[in-house]
Amino acid sequence: MKYILKKASMMVLTLIAVSILVFLAFNLIPGDPATRILGTEATESQLQLLRQEMGLNDPIYVRYLRWIWNFIRGDLGESYSYGSVSALILDKIPITIWLAIMAFFLMFVISIPLGIFTARHEGGVIDKIVVVLDQVIMAIPPFFSGIIITLVFGLTLQLFVPGGFVSYKIDFWGFIGYLVFPAIAIALPKITMCVKLLRGSVIEEISKDYTRTAYSRGNTTRGVLYRHVLKNAMIPVITFMGMALADMVSGSIVIEQVFNIPGIGRMLLSSINNRDYPVVEAIIMGIAILVMVVNLIVDIIYRLVDPRIEAIND
Amino acid sequence: MCGSEKFEVILSVNDLHIEFHDHKQPQTAVEDFDLELSKGEIVGIVGESGSGKSLSALAIAGLLSRHDMYKSGRIMFEGEDLLTCNRRKLRTFQGDEISMIFQEPMTSLHPVKKIGWQTEESLRIHHPEIDKKERRLRAISMLGKVGLHEPERVYDMYPHELSGGMRQRVMIAAAMIGHPKILIADEPTTALDVTVQAQIVDLLKSINKEEGTSIIFISHDLSLVRQICSRVLVMQKGVVVESGSVNDIFTRPKNLYTRKLIASIPRVDLTSEKKDI
Amino acid sequence: MKLSMIKKFKDKKINSFLLWGLILTGIMLLIVVIGIFWTPYDPTKMSASEKLQGISLRHILGTDNKGRDIFSRVMYGSRITLGIACGTMVIGAGLGTILGAITGYFGGFLDEVFMRIVDAMLAFPSILLALVIVSLFDSGNIVVMVALGIAFIPSFARIVRSEVLRCRTMDYVENARIQGASDFRIIFRHIMPNITGVLWSSVLIGFNNAVLAEAGLSYLGIGSQPPYDSLGNMLSSAQQFMVKNPICVLGPGFAIVWMVLGFSFLGEGLRKKA
């Protein structure tokens with residue numbers, strides 16, 4: 001419990017640091033938002049009026065505190081061109097979240113059995129193929145594998161219609177169906193890394209002394225693997241999976257572009273191109289919070305799996 | 001207890017050969033190893049590291065199943081040859097009839113499983129008919145028997161919360177939970193402090209007396225072997241160079257190597273004299 | 001006898017990773033270097049009569065929608081991608097190492113603050129961080145390079161910091177301190193040489209990530225701008241024509257894969273050798 005509290009307070013500290021960095025970056029670097037909204041032809045008095053209205057004349061810490069307070073209340077500000085940022089994000093977020101969840105699910109169900117299998121049959125034919133394939137796939141950037149998937153499964157085999165995205169509001173299963181291939185493109189490099197990590201981890205754990213003890217008690221090879229080795233071998237994999245989930249959310253920025261999916265990533269990209277900073281700011285903060293919450297969850301799972309953690313940290 | 005008395009032989013090893021095959025030239029690790037273990041007897045195997053004593057013990061416990069290793073000879077236990085019988089048969093003995101404890105109590109226990117879970121594992125595997133409650137009771141009583149205080153509390157602890165000596169006690173409890181006929185102890189005290197060493201040796205002795213368990217005690221420390229064993233095998237470079245009762249070997253060592261080993265014990269006579277007084 | 005000891009007997013494999021890494025990277029570097037002086041065609045020269053051609057002797061990787069020779073463009077684009085990745089590593093690994101070493105060595109309040117900032121930055125995947133930085137300034141090769149470089153600082157700072165922390169209390173460092181070596185000297189003459197191994201493997205991994213991130217950014221149209229197309233730009237503009245001429249996307253795509261694969265094999269090979 002002490003450990004979790006410590007981690008949680010650490011997270012809050014980091015979150016404050018993130019919010020300050022983000023706020024400063026978006027409020028000091030890009031120049032005057034009033035000019036941006038009204039254009040360069042606006043008169044000085046018009047600009048001054050808008051600045052007053054937006055609270056831009058207040059000292060920077062007042063503006064920060066106001067921003068963070070609004071953020072906590074769920075008011076993410078006004079987009080320069082679309083109105084409420086909160087509404088905008090709420091509309092898009094299910095798409096990206098579903099994409100990330102599907103990619104994560106794919107990673108989980110493919111890499112864990114494959115990692116265990118290759119570790120058990122270390123040096124076998126399948127193991128050798130997987131090891132080489134791992135290295136090759138890891139070198140393929142997700143957007144390129146996305147393009148190849150579009151080319152092969154979309155245009156040649158016609159298993160899906162590239163660009164034929166349907167909103168989850170209209171046809172949920174059609175929506176999920178369209179996301180399958182993008183999810184594969186996002187998951188591929190993570191699957192390979194996860195297989196590599198789990199394989200190495202299992203092989204290392206199998207050579208440890210406690211497996212011999214397990215055999216000496218009459219365990220089957222299967223029993224040693226699943227009841228003894230796996231719990232330990234999963235410890236580094238859990239960390240990886242936490243990181244992978246965060247990466248998948250950011251990876252979807254690119255993949256949404258490849259597959260024409262109107263999610264958070266597309267919105268972020270168009271906001272960056274239009275210099276619509278309130279939207280960019282909100283998305284960035286959102287992703288940072290997500291990453292840190294995932295990290296906290298990983299820490300908690302860690303603590304549950306490995307009772308030694310507390311002892312080491314104290 | 002003296003080796004000359006005839007007891008019922010429960011384990012006999014004949015002509016055990018172990019070769020490594022992972023180098024260009026096969027390497028013989030153990031040669032012509034013979035051993036007869038009687039009921040309730042404690043036999044010691046002594047030798048320096050690399051003498052093949054641990055490998056022989058692992059072979060008896062059925063823990064040498066690697067493909068790059070060639071084994072021949074016979075290890076007879078309850079009418080089965082442990083070297084040639086199938087894995088399924090072998091497993092029915094492991095942990096139930098033949099148990100083993102190891103040199104490193106730190107690494108031989110599973111680091112992230114509770115002590116209780118590890119202690120009762122053999123029961124769970126070999127006697128699934130025993131229910132959870134009963135298993136727990138037996139595990140706690142066994143943890144108490146090996147001299148752990150507050151066994152109920154230890155039951156729910158993790159190995160990293162225990163000292164080295166306590167961990168070795170847990171290993172012994174886990175090995176003894178099925179009341180095996182044979183306990184193989186592979187340098188069980190080497191990684192421990194001297195005072196703890198003596199306690200563990202006493203514990204093994206009392207187990208031998210109370211449960212009638214035969215013990216194969218492997219050590220490089222002749223003075224320890226002298227304290228606990230009735231018979232000794234001295235090994236060097238994979239070969240048994242001398243064997244006999246402890247007294248014979250200590251008083252009339254025939255082999256040059258044995259003499260060297262005895263001479264290298266720091267003031268063993270002095271300590272034993274003290275004990276006699 | 002420890003189990004791991006028995007296992008060590010048989011771990012003697014020929015290191016084919018290193019060999020393949022050298023071959024792939026060697027060929028790639030050779031092509032890039034040749035590309036500085038000579039390309040089969042001018043990579044920016046358009047030709048209305050030779051649009052979207054397939055593989056032929058005239059154009060070994062065909063031509064794109066504007067009739068430009070893809071192989072020449074890949075040679076050119078690889079150079080841009082490689083150059084940006086190099087610059088990224090110089091900035092990221094260089095600054096990261098210095099910052100990590102100093103804060104790790106001296107510790108204290110400065111270290112605490114710095115580590116919070118590093119944690120904050122690590123909360124963002126590097127491509128996202130670079131995206132933000134680029135969005136705040138402008139696109140272009142130099143901005144992308146600096147942005148990616150900054151994005152890579154935290155991970156290097158963290159690696160070096162933990163290594164320095166590990167080395168700080170070692171005997172040889174204590175020894176140097178007793179002999180009166182300055183802090184600066186201890187950091188750069190005594191500790192640094194001992195962590196180069198870790199640093200090099202991180203640089204190789206980081207290099208790959210930089211190549212992938214740069215390709216991703218320019219694919220999104222945020223990285224390098226025409227006419228200085230990098231491999232990512234080529235991919236995004238070729239995507240619309242890939243039905244008519246798949247080689248348009250396969251050419252630059254496999255160039256990226258080739259590059260990353262070469263470096264990752266090298267990294268793997270070096271790691272296994274060590």
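For the reader, a short list of remarks on this structure follows.
- Across chain B, the mean sequence separation of Cα contacts (distance under 8 Å, 6 or more residues apart), normalised by length, yields a relative contact order of 25 percent.
- Dipole of the range B:9-263, positive end: most advanced residue of B:Leu11, B:Thr107, B:Gly79 [Cβ charges, Cα centre]: B:Thr107
- Relative to the dominant Cα principal axis of chain A, helix A:125-138 is inclined by about 10°.
- Its residue count N sets the reference 2.2 N^0.38 Å, and the alpha-carbon radius of gyration of the range B:9-263 equals 1.01 times that reference.
- With the simple model of a label 7 Å out from the Cα in the direction of the Cβ, B:His149 to A:Tyr82 spans 6.7 nm.
- Between amide H atoms placed 1.01 Å from N, distances below 5 Å from B:Ser38 occur with B:Ile10, all of them 5 or more places distant or on a separate chain.
- Counting neighbouring Cβ atoms within 10 Å and putting the fewest first, the residues A:Ser19, B:Ser219, B:Ser206 line up as B:Ser206, A:Ser19, B:Ser219.
- Simple point charges give the picture: +1 on the Cβ of Lys and Arg, -1 on the Cβ of Asp and Glu, and for chain B a dipole about the Cα centre of about 280 debye.
- Directionally averaged shadow of the range A:2-85, computed from the convex hull of its alpha-carbon atoms, nm²: 6.6
- Counting Cβ atoms of other protein chains within 10 Å of each residue's Cβ and taking the mean over peptide B:26-39 gives 0.
- The phi torsions of the range A:144-159, fed into the Karplus equation with coefficients 6.51, -1.76 and 1.60 and a -60° offset, translate into couplings of 6, 5, x, 5, 5, 4, 4, 5, 7, 7, x, 7, 8, 7, 6, 7 Hz, rounded to whole numbers, with Gly and Pro shown as x.
- If you run the Gaussian network model on chain A, springs between alpha carbon atoms under 10 Å, then out of A:Leu13, A:Leu198, A:Leu245 the most flexible one is A:Leu13.
- The long axis of helix A:172-206 is offset from the longest Cα principal axis of chain A by roughly 50 degrees.
- Fewest-first sequence of A:Tyr215, A:Tyr3 by Cβ atoms within 10 Å of each Cβ: A:Tyr3, A:Tyr215
- For the protein assembly as shown, the share of DSSP beta bridges that are antiparallel, to the nearest 5, is 55%.
- To the nearest ten degrees, helix C:192-219 and the longest principal axis of the Cα atoms of chain C are 30 degrees apart.
- FRET efficiency estimate (nearest 0.05) - Cβ-Cβ, C:Ile98 to A:Leu28, R0 22 angstrom: 0.30
- When peptides B:242-255, C:82-95 are ranked by their average number of other Cβ atoms within 10 Å per residue, the highest-first order is C:82-95, B:242-255.
- Relative contact order of chain A, defined on C-alpha pairs under 8 angstrom at six or more residues apart (%): 26
- Share of alpha-carbon pairs per 10 Å distance bin for the protein assembly as shown, given as whole %: 2, 10, 17, 19, 16, 14, 10, 7, 4, 1, 0, 0
- Span-rule helices in chain B, defined as complete DSSP H runs reaching 24 Å or more along the axis (Cα) with Kyte mean at least 0.0: B:194-211
- Charge dipole (Cα centre; +1 on Lys/Arg Cβ, -1 on Asp/Glu Cβ; no other charges) of the protein assembly as shown amounts to roughly 860 debye.
- From the Kirkwood radius over Cα pairs of chain A, Stokes-Einstein at 37 °C and 0.692 mPa s returns a whole-number translational diffusion coefficient of 145 µm²/s.
- Environment charge at C:Asp229 (Cβ cut-off 15 Å; Lys +1, Arg +1, Asp -1, Glu -1): +1
- In chain B, the calculated helix contribution to ellipticity at 222 nm averages -11000 deg cm²/dmol per residue, counting -39,500 (n - 2.57) for every DSSP H run with n ≥ 4.
- Counting neighbouring beta carbons within 10 Å and listing from fewest to most, the residues C:Phe109, A:Phe26 come out as C:Phe109, A:Phe26.
- Charge-dipole axis of the range A:2-85 as Lys and Arg at +1 and Asp and Glu at -1 on Cβ define it, positive-most pick from A:Leu28, A:Ser79, A:Ala8: A:Ala8
- Over the range C:60-177, Cα pairs under 8 Å with separation of 6+ residues give a relative contact order of 37 percent.
- Assuming charge only on the beta carbon of Lys and Arg (+1) and of Asp and Glu (-1), the dipole of chain A about its Cα centre is about 1200 debye to the nearest 20.
- Simple spin-label estimate for A:Leu304 and A:Asp91 gives 3.7 nm between the two label positions (7 Å along the Cα-to-Cβ direction from each Cα).
- Comparing B:Arg135, B:Arg87, B:Arg226 in a Gaussian network model of chain B, where Cα atoms under 10 Å apart are tied by springs, the biggest mean-square fluctuation is seen for B:Arg87.
- Measuring between alpha carbons in the structure, the pairs from B:Lys133/B:Lys205; A:Lys128/C:Lys272; B:Lys53/B:Lys114; A:Lys7/A:Lys231; A:Lys208/B:Lys113; A:Lys6/A:Lys196 lying more than 20 angstrom apart are B:Lys133/B:Lys205; B:Lys53/B:Lys114; A:Lys7/A:Lys231; A:Lys6/A:Lys196.
Rule-based calculations on the coordinates, nothing more; no lab input. On a predicted model such as this, the values are computed, not experimentally measured, just so you know. For neighbour counting, all protein chains shown are included, and Cβ atoms are generated from backbone atoms with ideal geometry for every residue, glycine included.
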